[in-house]
Structures are given as structure tokens and as C-alpha cells.
1. Which one of 153, 189, 171 is crowded, with 21+ Cβ neighbours inside 10 Å, over 16 Å from the mean Cα position of the chain (by Cα), at pLDDT 80 or above and in a helix (DSSP H, G or I)?
2. Within the stretch 104-128, restricting attention to residues that are small (Gly, Ala, Ser) and not in a loop (DSSP other than H, G, I, E, B), which residue is farthest from the chain's Cα centre (by Cα)?
3. Only one residue in 179, 146, 100 is modelled with pLDDT of 85 or more and either buried (at least 20 other Cβ atoms within 10 Å of the Cβ) or under 22 Å from residue 12 (Cβ atoms) (or both), so which one is that?
4. Residue 19: more than 15 Å from the chain's Cα centre (by Cα), of a type outside the set (Gly, Ala, Ser) and in a strand (DSSP E or B), yes or no?
5. Since residue 129 meets every condition but one in (1) at pLDDT below 90; (2) under 21 Å from residue 38 (Cβ atoms), which condition does it not meet?
Amino acid sequence: MIARLEGTVLSAVGGRLVVGVGGVGLSVAVTPQCSLGARTGSPVSLRTALIVREDELSLYGFETDAELEAFDLLRGVSGVGPKSALGVLAHLAPDELARAVEGGDERAFKAVSGIGPKTAKLIILQLTGKIATPAAAAPAPLAPDARADVLVALTGLGWPERAASDAVERAVVVAPEAAGTTGALLRAALAILGPGARA
């Protein structure tokens, strides 16, 4: 079992990093936020989950223990595979997921590709009482280059620059609490764009 990876980022494309460890490049599926923060040639440390199937071995990486725990909990929900679980975490940070579950908020999952109303209900039902809601914290000020970083991430994921730019500006206005970090701003913009909005 590979539980942790520490190495050098060899490439960061879309939702996948290639991490160099002891002369071997390991391909790891990550959230867009994690990929956005990775720089080629920079060190990286990831908590990982190795998914073993008959025809493939897949490695999923996370920056925090909370993300890995949420990923494992989501995979335990009927009908939620690792790709869908990663998709949920691309849109909802662990604390946002906990609040959605605690509040029974099915709408929080509507922007996640592959998660329909039925699966959203199952996630809420099966995770109630299993995921803790953290204490609220004041958002940090928006980093000066956050908008630019999010715009680069969205266009890299396939959205047209104009649509991506509009989504970023709307995210800042509609969800000011999301402006605390680049990752939160990216999640808010993705929620506005929604699945199927890509050109």
C-alpha cells in the first residue's frame, strides 16, 4: 500500500501530477486545486490512496489528511467511485462537504459531474454523523494573483478564456467567502460553470 508520496513534480497537467521518486515517475490523480499549486521541479508531499482493480492500479493524491479522509468516506458511499469522489473534492473542500452533509444540502453537489440527485441524497444519508464540521474561520484576504491562477487553471481544464474570466469575477461577487484562497475561488468558479459548460 502506498500511503504517502514525497518527491519532485515532473509535470502537472489538468488533474494529474507526475511525481519523481527515486528515479521513477508516478502518475497521481489530484484535484485541480492541487495541480494548480504544483510547480514543475518543486518538491511535493501527498497523502495517497492506491486503488487496485483487475486491469489497473490508480493512485490518488491529497494535500491534507482531511481530504484523504473525505475521499475514503465518499468511496464508501454506494455508487460513488474514486473518480466521482475526487470530483466532489474538486468542488467541495472537506469542511464544505461536512456542512453540506450536516445541512442536508443536496444542491451543493449539483455542479459535480457524475453526481446526480439520487447519489447526492445517498452521500448525505450515508455520511451523516461520520464527517465532522470544523469550527468556522474567517477567510484570508484574496491573494493578488489568485484570479490569474484560477483563470489559468480553468482554461487549462478546457473552458474558453472569456467564460472562465466571467466565472471568476462572478465567484468573487456571489461567494465572497470563497475569495480566501486560490483553491476556494477555483471551487466557486467551477460551481458557477457547472458540468457541461465546457466548450
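1. 171 is the lone residue from the list that is crowded, with 21+ Cβ neighbours inside 10 Å, over 16 Å from the mean Cα position of the chain (by Cα), at pLDDT 80 or above and in a helix (DSSP H, G or I).
2. It comes out as 120.
3. Just a single option satisfies the conditions, and that option is 100.
4. Yes; evaluated as a whole, the condition is true for this residue.
5. (2)
The values are calculated or read from the model by the stated rules, or taken from the named source; none is laboratory data. Owing to the predicted nature of the structure, the values given are computational and were not obtained by experimental measurement. Glycine also receives a Cβ, built like all others from the backbone with ideal geometry; neighbour counts cover every protein chain displayed.
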